[in-house]
């Protein structure tokens, strides 16, 4: 499958932050997220959405991100903190 | 996801629709009724009680708002995020529920693009009383919109959701953790508007069949959902076997690429190898990717090794993933992986004892069983069995197409409610439930 475009990656990162899979961007480093964190977040999102956890922003993952949904995050801050610990 | 740590300490909660949609075909009374029934889904099984109030002090304030509405969760126009609700707590917004006024909110609609207000409201009120998102496919608390969930008066929460809400509030007295909640007959409930086909202003199309009395041309499980085809129309049932709309949708408006003059189908099935959907009519077949036809179709059914003259039924058996074709009293076994007919077919006997000699269609279902349809009846063969299950045939209209008294299309076609049937199971999906209400 074709690699995701830069715009799709940016939208994907925004989506992952919005729904609790990635922590909000560090005010010092701006929007930078490590690849490892991003892959882990995509995997978590894929698992939660019932997709195969590949860690890649593939077509199915991008489609799921476009699916209408509830605005509340899937993972709470407590959840993220727990995982970080 | 973890369970929210908050819940209501009180058991009587007030609600109010503070801001109605600005431009919706749903009237205020319909919206209030839908909110009532969506809350009732939760109060039916827990010790919570909801009552509508007029003032500004409702625990659950319901608003239809657009874009940024000053709560940190701006809406984003049609699609995207459609609603949200605040968890219980001391904060003044606790329990409040917001719906995006830019969505096309629907009720009992066959419009595939609309958002079923009742389904979304049940989800959001789950948050209002303390439930977080969950990944389970069957759960109403899955974050993604999954389409309508059927009639608000008959909706029964998935078991996962019942268990999670019971963990927060316990079980409502008089509710058995395994039985469907029953509505006391003498209680007064708000009226929902008539079904679309019963409204005097909307006349059913002349060729629109009556789902409660018709024989179906084709039945198929597609993407986990059931599709019942008749003439130029089809009805769709969700994975949970809820009828999406009582009104049928037009085949051509959903399955793009079939000839416009096609007035019926012979058989439909979803290929297990690549999940393409195959439609049969006469000597030709069409292969669809999702709801668009693939290039190069139609093609002759002789591609499958079938003789010209058409087929009656096609389905893929879950037990061996082989595809079976039926025509009159003949049956073929086809290997979709190898793209060839298996040796020894056609056969004059089907592999399953008790299945009628000729069929309208057949399908696999998510319970692993195979279902065979003929006339107004259907037969079930359980997974790994080679014989029709006891108690079959049963009524298609009653068991699949919601043709109980209130919902049938015509008084003459009303089916009697199922008698003497109840689930005696104490547990589902690995959960055991203890009821401690004192």
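Here, each number is a calculation from the coordinates, and none is a lab measurement. Because the structure is a prediction, the values reported are computed rather than measured. Don't worry about glycine lacking a Cβ; one is built from the backbone with ideal geometry, like all the others, and counts go over all protein chains shown.
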Quick check on region B:238-341: of the DSSP beta bridges with both residues there, what percent are antiparallel, nearest 5%? 95 percent
First measure r as the distance between the Cβ atoms of residue B:273 and residue A:8, then evaluate 1/(1 + (r/R0)^6) with R0 = 45 Å and state the FRET efficiency to the nearest 0.05. 0.95
From other protein chains only, count the Cβ atoms within 10 Å of every residue's Cβ in B:84-92, then give the mean. 1
Shielding by partners - mean other protein chain Cβ count within 10 Å, residues of A:60-70: 5
Provide the packing ranking of A:41-50, B:267-276, i.e. peptides ordered by the mean count of other C-beta atoms within 10 Å per residue, highest first. A:41-50, B:267-276
Kirkwood Rh and Cα-based Rg: tell me the resulting Rg over Rh for region B:46-166, rounded to two decimals. 0.94
Looking only at other chains, what is the average number of their beta-carbon atoms within 10 angstrom of each beta-carbon in A:15-26? 1
Run the simple label-point estimate for residue A:56 and residue B:22 please: 7 Å along Cα→C-beta, distance reported in nm. 4.4 nm
Any idea how far apart residue B:10 and residue B:253 come out in nm if each label point goes 7 Å out from Cα toward Cβ? 4.6 nm
Roughly speaking, what is the centre-to-centre gap between region B:334-400 and region A:9-70 when only Cα atoms are used, to the nearest Å? 43 Å
Once you have the alpha carbon radius of gyration of region B:37-95, what is it after dividing by 2.2 N^0.38 Å, with N set to its residue count? 1.30
Going by a ≥ b ≥ c, the root eigenvalues of the Cα gyration tensor, does region B:267-345 fall in the rounded group (a/c under 1.5), the prolate group (a/b larger than b/c) or the oblate group? oblate
If you stretched the chain out fully between residue B:223 and residue B:90, how much longer would it get, using 0.36 nm times the residue separation minus the C-alpha to C-alpha distance? 43.6 nm
Checked region B:300-356 against the a/c 1.5 cut and the a/b vs b/c comparison, axes a ≥ b ≥ c from its Cα gyration tensor; verdict oblate
Can you pull the one-decimal nm distance between simple spin-label points at residue A:36 and residue B:264, each 7 Å off the Cα toward Cβ? 6.4 nm
Give me the mean projected area, in nm² to one decimal, of the convex hull enclosing the Cα positions of region B:78-119. 3.4 nm²
Can you compute the radius of gyration and Dmax for region B:221-370, using only the Cα atoms, both in Å? 14.8, 43
